[in-house]
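Heads up: the structure comes next, in structure tokens.
The values are calculated or read from the model by the stated rules, or taken from the named source; none is laboratory data. Everything numeric here is computed off the predicted structure, so don't read it as measured data. Cβ sites come from the backbone with ideal geometry, for glycine too, and all protein chains shown count toward neighbours.
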Amino acid sequence: MNLIALGVGITLLGSLWPFGGHDAPEHSDATIADLKPRELRLKMQPGVEDGGASARAQYRTFIEVPDAPAGLKAEAMRRLADLSVRAGEMANADGESDASFYQDAIGLYEQLLAANPDYPDRDLILYQLARAHEITGDSEAALAVLDQLVQLYPDSRFVDEAQFRRGE
């Protein structure tokens, strides 16, 4: 009985090979070069014209909300500080020298570290803080923060860069 079932099963499978029987499409010799050009229409989104000022204002507003969750506030503070550094870099690229963006970032990073001792990316914050100090010309503060980074987080992904910058 099992041999009959096996024979029927093999016969059925054989009739379906390859992948569904005998109705497979014929092979074509067409290549990519044979494809017809098509017009592609993209809907462009407007860019941010204010250098991130509106995003920074939104984060600043959120940080001021008294009952906002602490974790979200900390993340908003980090993002605001990062945006401030980016705004400073953009100003420098445009030939403007405005240290206020970096000073803002330094204050935010320091506030974040002080208010959130368990923040998961403290090594990143220390690295960014040192960078902001360095950009503003405060090499001593930058070196002190890099020392702290290396001592507290010897396995951080930023240690090699921190050691290099300490040696400069």
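Output the residues belonging to region 159-168 that are part of a helix (DSSP H, G or I) and over 28 Å from residue 71 (Cβ atoms). Across region 159-168, the qualifying residues are 160, 163, 164, 165, 166, 167. Within the option set 161, 168, 134, 96, being within 27 Å of residue 56 (Cα to Cα), out of contact with any Ser or Thr (no Cβ under 7 Å at 6 or more places or on another chain) and either aromatic (Phe, Trp, Tyr) or surrounded by fewer than 16 Cβ atoms within 10 Å (Cβ to Cβ) (or both) holds for one residue only, 96. In this entry, residue 58 is excluded by the filter for residues that are in a helix (DSSP H, G or I), modelled with pLDDT of 95 or more and surrounded by fewer than 18 Cβ atoms within 10 Å (Cβ to Cβ). Considering each residue of region 109-125 in turn, at least one proves to be of a type outside the set (A, V, I, L, M), closer than 17 Å to residue 145 by Cβ, over 18 Å from the mean Cα position of the chain (by Cα) and surrounded by fewer than 15 Cβ atoms within 10 Å (Cβ to Cβ). Scanning region 106-158 for residues that are outside any helix (DSSP H, G or I) and either closer than 20 Å to residue 87 by Cβ or not hydroxyl-bearing (Ser, Thr, Tyr) (or both) returns 116, 117, 118, 120, 121, 136, 137, 138, 154, 155, 157, 158.
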